[in-house]
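As structure tokens, the structure follows; a few thoughts come after it.
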Amino acid sequence: MRMKLTPDEASFRTHMRDFFQEQIPREVRERAAAGESREPEDIVEVQRILHAHGYAVPNWPTAWGGCDWSPVQEHIFLDEMHLAHVPEPLTFNVDMIGPVLCAFGSPEQKERFLPGTANLDLWWCQGFSEPDAGSDLASLRTSAVKDGDAFVVNGQKAWTTLAQHADWMFALVRTDPDAPKRQQGISFLLIDMTSPGITVRPVRLLDGSVEVNEVFFSDVRVPAENLVGELNRGWTYAKFLLGNERTRVARVGVTKNRLSLAKRLAAGAPSGAGTLLDNPLLRARIAELENELVALELTLFRATSGEADQTAIASILKLRGSELQERTTELIADLAGPAGLAASGHHDDVPAWAQRSIRSYLTHRKVGIYGGSSEVQRMIIAQTLIGR
Ligand SMILES: Cc1cc2nc3c(=O)[nH]c(=O)nc-3n(C[C@H](O)[C@H](O)[C@H](O)COP(=O)(O)OP(=O)(O)OC[C@H]3O[C@@H](n4cnc5c(N)ncnc54)[C@H](O)[C@@H]3O)c2cc1C
């Protein structure tokens with residue numbers, strides 16, 4: 001396996017590093033670096049700048065704005081984006097519905113949705129999970145019944161991230177309740193969020209933010225032309241989409257940034273005759289995290305080189321990437337100590353990073369749940385690699 005970048009890849013890295021520094025406004029990057037914020041305006045602004053330079057949807061086919069990059073280039077692009085603290089383009093658009101429409105959408109759907117999806121003129125949300133259908137997604141019950149030239153949708157979606165900003169939802173719905181296998185009775189629908197009969201109810205998360213929602217459907221009419229692919233084949237398209245989602249959540253660059261921050265903070269915190277960074281236990285903890293992060297990045301390179309089992313690799317990246325995000329936010333909260341309890345943002349005597357540390361720790365518990373929980377990823381890895 002080749003780990004060293006070729007001269008072309010190294011110059012591509014330099015190009016992307018300069019691009020993010022020069023083209024993405026400093027305030028946007030500073031806001032993201034400070035609060036790890038997901039301000040909708042910042043996400044829209046960044047995605048449109050990327051789109052103007054041809055970088056919004058590098059993973060799509062070139063006919064629809066993709067860059068035809070190698071997997072290594074795609075990794076470098078993401079890594080540099082994270083290292084520069086650039087808010088990521090909207091994953092629901094770029095990594096989820098866009099690739100699904102490119103692969104399975106009708107020509108009319110591609111023309112109608114792909115340009116606005118790439119430029120974030122259309123904000124999408126993901127309507128998969130339901131109150132009794134998360135890990136066991138195939139048990140979803142939201143129904144879509146054909147009525148003339150439309151489907152009538154009834155039911156409820158849960159945990160729908162950023163649905164409060166969404167123009168459209170891509171949703172899994174049950175179209176054949178009598179199918180011999182539950183997976184065979186599911187279809188993939190595009191639903192206009194302004195349709196009569198839709199109610200969005202916010203859910204407050206552990207850190208106090210409102211990012212996820214419940215979405216209710218009451219006799220919502222969805223034109224039949226908004227069915228993606230074939231009726232009752234939605235499970236196939238969903239599996240394609242979830243593979244992309246899991247690969248993207250490794251977020252190696254974000255964790256690199258957080259570990260650098262931890263080292264800077266520890267080096268600046270007096271302790272005994274030196275600083276906290278001289279503490280052997282803390283040094284060992286940071287070294288262990290750094291080693292595991294290097295291992296994750298090497299695994300990512302193995303994934304991109306095509307050497308690893310592609311079914312298992314998405315789950316391995318999701319699992320290890322989530323764990324490292326959880327453990328590094330815990331490290332920062334530990335460095336803050338009691339100062340982290342001043343989480344209100346109104347304590348001038350407590351540094352801002354310390355005030356944010358507990359909120360960040362709390363909100364990062366979610367990364368081991370969304371996109372498939374860590375337990376479920378372990379099961380997939382075991383089944384795929386050791387057949388149990
Ligand atoms: C912050 C956040 C954002 C989200 N955003 C979205 C979104 O935008 N769109 C969307 O569709 N969904 C979204 N989700 C939903 C997410 O995909 C589900 O929460 C996830 O799949 C787990 O499902 P569940 O919550 O129903 O938990 P359950 O499936 O009920 O699981 C509960 C617990 O049991 C464990 N468990 C379940 N099955 C097994 C098993 N077979 N073996 C071992 N352990 C098991 C799980 O690991 C978990 O710890 C989001 C979730 C969160 C937390």
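Against the chain, whose longest principal axis comes from its Cα atoms, helix 252-267 is set at around 30 degrees.
With Cα atoms defining each centre, the stretch 64-105 and the stretch 1-34 are spaced 14 Å apart in the structure. Both radii are taken from the alpha-carbon atoms of the stretch 249-386; with Rh as the Kirkwood radius, Rg/Rh is 1.05. In this rough spin-label picture, where each label sits 7 Å from Cα along the Cβ direction, the L5-S218 distance is 5.5 nm. Cross-link reach is defined here as a Cα-Cα straight distance under 19 Å, omitting same-chain residues fewer than 8 places apart; for K110 the aspartates and glutamates meeting it are D68, D95, D121, D167, D192, E225, E230. The angle separating the long axis of helix 40-52 from the principal Cα axis of greatest extent in the chain is about 80 degrees. Here R48 and T275 are evaluated by their C-beta separation; at R0 = 56 Å the FRET efficiency comes out at 0.85. Here the dipole of the stretch 82-210 is about 260 debye; that uses its Cα centre as origin and unit charges on the Cβ of Lys and Arg (positive) and Asp and Glu (negative). Excluding same-chain neighbours fewer than eight residues apart, the aspartates and glutamates reachable from K4 by a Cα-Cα span under 20 Å are E74, D79, E80, E290, E292, E297, E307. Based on the convex hull around the alpha carbon atoms, the chain presents an average projected area of 21.1 nm². So which lysines can K181 reach, going by Cα to Cα under 25 Å and dropping same-chain residues fewer than 8 places off? Hits, sequence-local ones excluded: K146, K157, K239.
When each of I380, I97, I24, I316 is scored by the number of other beta-carbon atoms lying within 10 Å, the sequence from fewest to most is I380, I24, I316, I97.
FYI, it's all coordinate maths here, none of it is from the lab. Keep in mind it's a predicted model, so treat the numbers as computed, not measured. Cβ coordinates were reconstructed from backbone atoms using ideal geometry, including for glycine residues, and neighbour counts include every protein chain displayed.
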